[in-house]
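Only one structure is covered here, and it is reproduced in the block below.
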Amino acid sequence: SVQDQSNNLIKAAMGLHSLVSTNFKKTAANFHYEFNIRHISNVFQGLLVSSPDQFTSSDKFVLLWLHESERVYGDRLVNAEDLAKYNALAQSQ
């Protein structure tokens, strides 16, 4: 169930945030690559507005987490190379 996987999901979300913060540093060309606590809070906000009756399995909730994470982190990335790197990081979680 989703509740049984909640601790794993929180750990994965924290791990992904840490990886994104470490791998995508702010530069002159990518001055908006600054990831902080507000970004992870936006991921959880997206999860919290979902309706529990839509999730019959924990796998579906994990897919929502991946979607929300890409919406928050992936949408800030500027090129296909960075997005591919992000996707690899997300899948490793």
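Quick one: in the stretch 61-91, of everything that is within 23 Å of Gln3 (Cα to Cα) and in contact (Cβ under 8 Å) with a residue 40 or more places away in the chain, which residue is most open to solvent (accessible area, probe 1.4 Å)? Looking at residues that are within 23 Å of Gln3 (Cα to Cα) and in contact (Cβ under 8 Å) with a residue 40 or more places away in the chain, I get Val62. As a summary of the residue check, Thr56 satisfies the conditions (1) open to solvent by 60 Å² or more (accessible area, probe 1.4 Å); (2) closer than 13 Å to Leu77 by Cβ; (3) not acidic (Asp, Glu) except for the one numbered (2). Residues in the stretch 1-9 include none that are in contact (Cβ under 8 Å) with a residue 40 or more places away in the chain, open to solvent by less than 40 Å² (accessible area, probe 1.4 Å) and either in contact with an Asp or Glu (Cβ under 9 Å, 6 or more places away or on another chain) or small (Gly, Ala, Ser) (or both). Taking the condition open to solvent by 60 Å² or more (accessible area, probe 1.4 Å) and touching a residue at least 12 places away in the same chain (Cβ under 8 Å), does Arg38 pass? When the stated conditions are applied, Arg38 does not pass them.
The values are calculated or read from the model by the stated rules, or taken from the named source; none is laboratory data. Everything quoted here is computed from the prediction, not taken from an experiment. We place every Cβ from the backbone using ideal geometry, glycine too, and count neighbours over all the protein chains shown. SASA here: full protein model, heavy atoms, side chains in, ligands and nucleic acids out. Shrake-Rupley method; radii C 1.70, N 1.55, O 1.52, S 1.80 Å.
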